[in-house]
4 protein chains.
Amino acid sequence: MWGKSITISLFGESHGEAVGINITGLPSGIKLDLDFINEEMKRRAPGKSNLSTSRKEMDTPEILSGYFEGYTTGTPLCAIIRNRDTHSKDYDDLKNLMRPGHADYTGVMRYNGFNDYRGGGHFSGRLTAPLVFAGAICKQILAESDIVIGAHIKSIKDVEDATFDDMNLSSDLFENLRTSQLPLIDKSKETLMRQAILDAKLEGDSVGGVIECAILGICAGIGEPFFDSVESTLAHLAFSVPAVKGIEFGLGFNMTKLYGSEANGALYYEGDMIKTKTNYNGGILGGITTGMPIIFRCAIKPTASILKEQETVNLSEKKEATLRIKGRHDPCIVQRALPVIEAIAAIGMLDLIKRTQCQSV
Amino acid sequence: MWGKSITISLFGESHGEAVGINITGLPSGIKLDLDFINEEMKRRAPGKSNLSTSRKEMDTPEILSGYFEGYTTGTPLCAIIRNRDTHSKDYDDLKNLMRPGHADYTGVMRYNGFNDYRGGGHFSGRLTAPLVFAGAICKQILAESDIVIGAHIKSIKDVEDATFDDMNLSSDLFENLRTSQLPLIDKSKETLMRQAILDAKLEGDSVGGVIECAILGICAGIGEPFFDSVESTLAHLAFSVPAVKGIEFGLGFNMTKLYGSEANGALYYEGDMIKTKTNYNGGILGGITTGMPIIFRCAIKPTASILKEQETVNLSEKKEATLRIKGRHDPCIVQRALPVIEAIAAIGMLDLIKRTQCQSV
Amino acid sequence: MWGKSITISLFGESHGEAVGINITGLPSGIKLDLDFINEEMKRRAPGKSNLSTSRKEMDTPEILSGYFEGYTTGTPLCAIIRNRDTHSKDYDDLKNLMRPGHADYTGVMRYNGFNDYRGGGHFSGRLTAPLVFAGAICKQILAESDIVIGAHIKSIKDVEDATFDDMNLSSDLFENLRTSQLPLIDKSKETLMRQAILDAKLEGDSVGGVIECAILGICAGIGEPFFDSVESTLAHLAFSVPAVKGIEFGLGFNMTKLYGSEANGALYYEGDMIKTKTNYNGGILGGITTGMPIIFRCAIKPTASILKEQETVNLSEKKEATLRIKGRHDPCIVQRALPVIEAIAAIGMLDLIKRTQCQSV
Amino acid sequence: MWGKSITISLFGESHGEAVGINITGLPSGIKLDLDFINEEMKRRAPGKSNLSTSRKEMDTPEILSGYFEGYTTGTPLCAIIRNRDTHSKDYDDLKNLMRPGHADYTGVMRYNGFNDYRGGGHFSGRLTAPLVFAGAICKQILAESDIVIGAHIKSIKDVEDATFDDMNLSSDLFENLRTSQLPLIDKSKETLMRQAILDAKLEGDSVGGVIECAILGICAGIGEPFFDSVESTLAHLAFSVPAVKGIEFGLGFNMTKLYGSEANGALYYEGDMIKTKTNYNGGILGGITTGMPIIFRCAIKPTASILKEQETVNLSEKKEATLRIKGRHDPCIVQRALPVIEAIAAIGMLDLIKRTQCQSV
């Protein structure tokens, strides 16, 4: 369970009855746009193209509570997504054969062998579907205050997109990215990226990449110093998304190559508003928003499930073994992880905003 | 406040009465090694060399509670560190002149102008002294289970140290790093690094860098899927440390350049123990420890306080202004941030370990 | 959401799709006795006799996650109970006519009129069904350490049962109470109590009462001083149960009539065990268990839903009105609240026990 | 540590360096009235009369952080109170001789013998001094919204004061009670009460009593259903106060003697405001405020420390023993506990109010 003003509580296993989420602390009286929610679900859903797994899931959330006559009630909103197209037999061998790069072995150790191993069980990326659902609701609430979130694929393996120009971000750009299968700023890179994914697929292998996310419209003064900093909040949630191995804000690791005088960012007045001439700190200083766009990037590791033969151990035989994973896999999950990253950005920022009101100096 | 089984609650301002921390959930009966605690405090303390600020603080923690006849009592342990060598007058101008790259402006916005602006107030890096204190206690508790933590400076500006060879880490190496002013694996880089810092200092400027941290001796099966993953826990704490702008685990962002088949890491038996042939996942899969060393790196931005003239705004005059920050500054805080990163690693892992017992498969 | 080591997250409305609960922090490998769980559900379920509402609900929980091949997996366990026998039309008038003694008016104020008013919505006693489900699981886990929980009806209106003799409590007594429709120590009071309830029913009115609950088998040393005291934990949960208006531990309010010398309770050795000669403190000193039985009593107010005409307000007409509540009601909910009180005792104690291990002096 | 929007973290031992509290989540810009705070401290302080212990403590809080130029900064506010008049030698015997009715034995079991046993250590009522400090600040913040809190002694042993007439409560009455040594509605009972206490003192014994507390000025719609109900919140905090053994809201246990038709409380309009004709529910329905006064009572057990000889155990000798407690004791702590109960009411309500804004229907 996560959160202070908005709390989310996730449940489910990949091949169990359902996955779902219970969200508390939502304001009452929010008119939910179910079409928008379903579109968001589809952005993450599998089976859309040859770039991702052929498992087909409608991923239609069933709202069980907290929703009445078209509006949120303010009481806990729980939604579930039934699991349907499960080929559990594909996973029979995996009870004892630990898939490298997966949580199979750590799951056995954590739960003393009682975890549901089918399809990764509770560790499955499928658990991010309810996160996208929650994110879609949070996005609608944020949009009422003109706060919008967008993301693009910064890189797939060695193929790099351009970087967000944070002085020229707009909801139009985000809407354009939102409807692309491979959301890119520089569309000319699409063919190369697609090829990188399909090449890996052909080899029974996989690739990873980097997602860049931006949040616009947040006033200055949101967040807390130290433990509830904006960075702590977003990083906490981002590392709850399977396959994320790094996060950086603003220039991030590249900021360590600059002098302080280059990195700081001069302040100036634009009318009554105070802004910074550069935004290398990614819209956050001292853990608190500056009013500039919030920018962060997440590293997504290559999908752990690959068709290629791998070396591993067999727990029941207590010896080494080779493994060819059957089943349907994503040669690349970066494009499917992207709406999840947007979702956690929405959830995290709504939680912070509900706690701290915008102030004027 | 942070934590579930171990909770920490931080307080204080740079130029106020004291900074301090209240720690709850500590086990009773831990014999505290006060010498070790003081050594840890000294590693972070200012005034030790020409690489850091000349502000001199003894940083001797005064334990107010939870400690009796040499042992922890198990009740909340609060310690304070009095502020002594404060030159508050140096900061008089800063009430209205916002230092670029600092939390001055965001602090005003967050607290509606009532924050203590002297020396950064509550946002000061001085608040990390109590974190080091808490970390020193957690380290002692972890050491009883042979869990040790070490770190080195991976880079300062463009000068790169070697990378941890995670198949050859030892407490001896960590002890060696611990007693160095610039903890490096490749000692031949020390001169270059020192020069990079002093060059910046000469210009009234500052530099940043990357810290690499490793945790040894953690059994497999610690952590939780999703919101209390090891990565979420450590990242949350790391971004509570001022100046951290990025974190990555294992290969991190570079992992996105590999194929899945390269990244995964084959499993094998070493006697009864299951290990991975590579540790690109940094000792964590599905948010849970694998039993391999935990490896992460933090990006530390160049110190925001510089002597060079900068452009900013004057809040009382509501117009733009130039600023030369008086006072004593660190041309580089990477070496002082390093024991803080070790400390948060100790705090975070102890919190997780207390919740989840090691299992055998 | 509630809890530190065991957390529960409740959702649902009386006439919505379903009510349910998500439980995290359960140990893995607990074999669930579904028959026991269903028996517990039946103890709370409506429609069993003329003492409670004629609404019939099977109240069969559907486990969605965290349960695999007969055992808990250790991952979040979510269960839902579908709402079936809903006569929502009975509640049409209640959108604007606020039922006295109910949360109708406070719900409107809390949620700005967007709450689901049908059948009390989220405020309905029906939300205690998932609590009983969670309690049944916690009871099974506690039973593995020989910790058992029992309760009886201490009073209905003016009819008083005997008081627990806490030096002679046993699981046999609890089992006997568990299978009674009106669980009483002094069975001779059953007729009087039943009559008190039926008399009220005949008048279209309702009665309340007091439940006394005991927990056996808890070792000394569980709980925390101050904010996580055993009393704080159990009281917090008890007041989450609708209709509870008071709680007392040990002699409770009557303890204020004694001298300290009468109240304290001398300590003595029984073999190696330290016990107290009296247990007026209800098994708790300084917020921590003494090893003696934990005893507490909860006051349950008379059911707010009554058939009798009442004075109230009509929100849409903004004027006063009279109200006759249609629908099916409980003339007394004390007997149905009793398994809920046992359930929260189980949940609360499991949460505390998981955090603090039994020690030997 | 306790709280969601306001969090408090308590520390200290009776005979250690200091006791204290760290408060986070306070609004910035609150001008603290230090005189008021000190008056509140004095209401709880020992040594004021022959009704309480002769231990003299100035109990002057030293604010270490979060306070700047007369105003709260909004950052964590930590205050400590040094322990001065400690006669630790009085407690030497108590390392092994467990005082009946005290937490001595449970403390040993909880902390495996490492707890500071002097003067009750962390379990001492002295830890309530920082609670009164925090409560004084919360009271000032609440007062800005015209929310006021008052309490009187409902009973000492068998001597009963009148009950709050909750239709006629006012801040004038509260101010009058606040400045009385024995705050009573019916002043004619003062002599009897005083005599009851002094009689017990003469016998080396002690008495307890009941405190009734009221909160005025809270709008309707504050609180949450279930786990964060107003009752759960206040009860959680009340049972964190040593010696509290029961709490009830509104009519509490006596409400179980009424019919539903008597208990419910008809709603009516007073101008635009909706009120209830009776307030037997104590200002709370469904866990949420009705806008009527919040009323609750706490049972305070007789002081456990008495001079009379008592039977107990000697832990080091592992046998039974008799004990005469030396040191200075309170024959009655009800009058000193009263400002503590007011304090936790202030803390609890501020935490809830910060989360939920008042709505208009």
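The values are calculated or read from the model by the stated rules, or taken from the named source; none is laboratory data. Only a predicted model underlies this, so the values are computations on that prediction, with no experimental measurement involved. Because the Cβ atoms are built from the backbone with ideal geometry, glycine has one as well, and the counts that use them run over all protein chains shown. Side chains included, ligands, DNA and RNA excluded: accessible areas come from the protein's heavy atoms. Shrake-Rupley method; radii C 1.70, N 1.55, O 1.52, S 1.80 Å.
Tabulated results
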| item | result |
| --- | --- |
| Unmet criterion (only one of (1) open to solvent by 20 Å² or more (accessible area, probe 1.4 Å); (2) not β-branched (Val, Ile, Thr); (3) not in a loop (DSSP other than H, G, I, E, B)) for B:Gly120 | (1) |
| Any hit, the stretch D:157-168, residues being within 14 Å of chain C (Cβ to nearest Cβ), within 19 Å of D:Leu237 (Cβ to Cβ) and touching a strand residue (DSSP E or B) at 6+ places or on another chain (Cβ under 8 Å) | no |
| Residue list for the stretch A:310-350, filter: within 23 Å of A:Asp93 (Cα to Cα), touching a residue at least 24 places away in the same chain (Cβ under 8 Å) and open to solvent by 10 Å² or more (accessible area, probe 1.4 Å) | A:Gln310, A:Glu311, A:Asn314, A:Leu315, A:Ser316, A:Glu317, A:Ala321, A:Lys326, A:Gly327, A:Arg328, A:His329, A:Asp330 |
| Condition met for C:Leu127 (facing chain D (nearest Cβ under 8 Å) and under 23 Å from C:Arg297 (Cα atoms)) | yes |
| Residue within the stretch D:98-107 that is among the small types (Gly, Ala, Ser), open to solvent by less than 20 Å² (accessible area, probe 1.4 Å) and closer than 19 Å to D:Ile8 by Cβ present | no |
| Failed criterion for B:Gly135 (all others in (1) in a helix (DSSP H, G or I); (2) at pLDDT below 95; (3) surrounded by 22 or more Cβ atoms within 10 Å (Cβ to Cβ) hold) | (2) |
| Selection from the stretch B:158-185 of residues that are under 19 Å from the mean Cα position of the chain (by Cα), surrounded by fewer than 17 Cβ atoms within 10 Å (Cβ to Cβ) and part of a loop (DSSP other than H, G, I, E, B) | B:Thr163, B:Thr179, B:Ser180, B:Gln181 |
| Subset of the stretch A:97-117 (residues that are assigned to a loop (DSSP other than H, G, I, E, B) and more than 7 Å from chain B (Cβ to nearest Cβ)) | A:Arg99, A:Tyr111, A:Phe114, A:Asn115, A:Asp116, A:Tyr117 |
| Within the stretch D:222-251, tally of residues that are part of a helix (DSSP H, G or I), at the interface with chain C (Cβ under 7 Å from one of its Cβ atoms) and buried (at least 24 other Cβ atoms within 10 Å of the Cβ) | 5 |
| Qualifying residues in the stretch A:284-309 (those that are more than 20 Å from the chain's Cα centre (by Cα) and surrounded by fewer than 23 Cβ atoms within 10 Å (Cβ to Cβ)) - the one farthest from B:Tyr280 (Cα to Cα) | A:Gly291 |
| Near pairs, Cβ below 6 angstrom, 6+ apart or cross-chain, from the stretch B:186-204 (within 11 Å of another protein chain (Cβ to nearest Cβ) and open to solvent by less than 50 Å² (accessible area, probe 1.4 Å)) to any residue that is outside any helix (DSSP H, G or I) and among the charged types (D, E, K, R) | B:Ala196/B:Lys157; B:Gly204/B:Lys308 |
| Which numbered condition B:Leu142 misses (of (1) touching a residue at least 12 places away in the same chain (Cβ under 8 Å); (2) open to solvent by 20 Å² or more (accessible area, probe 1.4 Å); (3) assigned to a helix (DSSP H, G or I)) | (2) |
| Test: residue in the stretch C:5-14 that is surrounded by fewer than 19 Cβ atoms within 10 Å (Cβ to Cβ) and more than 28 Å from C:Ile353 (Cα to Cα) | no |
| Where D:Val148 falls short, out of the listed (1) modelled with pLDDT of 95 or more; (2) closer than 18 Å to D:Pro27 by Cβ; (3) open to solvent by 40 Å² or more (accessible area, probe 1.4 Å) | (2) |
| Residue within the stretch B:262-280 that is farther than 23 Å from A:Asn314 by Cβ and either within 26 Å of the chain's Cα centre (by Cα) or surrounded by 24 or more Cβ atoms within 10 Å (Cβ to Cβ) (or both) present | no |
| Extreme residue, farthest from D:Met109 (Cα to Cα), among residues of the stretch B:49-75 that are of a type in the set (Val, Ile, Thr) and at pLDDT below 95 | B:Thr53 |
| Those residues of the stretch B:28-60 which are more than 19 Å from B:Gln181 (Cβ to Cβ) and either buried (at least 24 other Cβ atoms within 10 Å of the Cβ) or facing chain D (nearest Cβ under 7 Å) (or both), in sequence order | B:Ser28, B:Gly29 |
| From the options B:Gly265, B:Gly283, residue that is within 7 Å of another protein chain (Cβ to nearest Cβ) and closer than 30 Å to A:Pro331 by Cβ | B:Gly265 |
| Qualifying residue in the stretch A:211-218 (condition: facing chain B (nearest Cβ under 7 Å) and not in a helix (DSSP H, G or I)) | no |
| Qualifying residue in the stretch B:321-342 (condition: touching a strand residue (DSSP E or B) at 6+ places or on another chain (Cβ under 6 Å) and within 7 Å of chain A (Cβ to nearest Cβ)) | no |
| Answer from D:Ala337, D:Ala299, D:Ala304 - the residue that is in a strand (DSSP E or B), among the small types (Gly, Ala, Ser) and over 26 Å from D:Pro27 (Cβ atoms) | D:Ala299 |
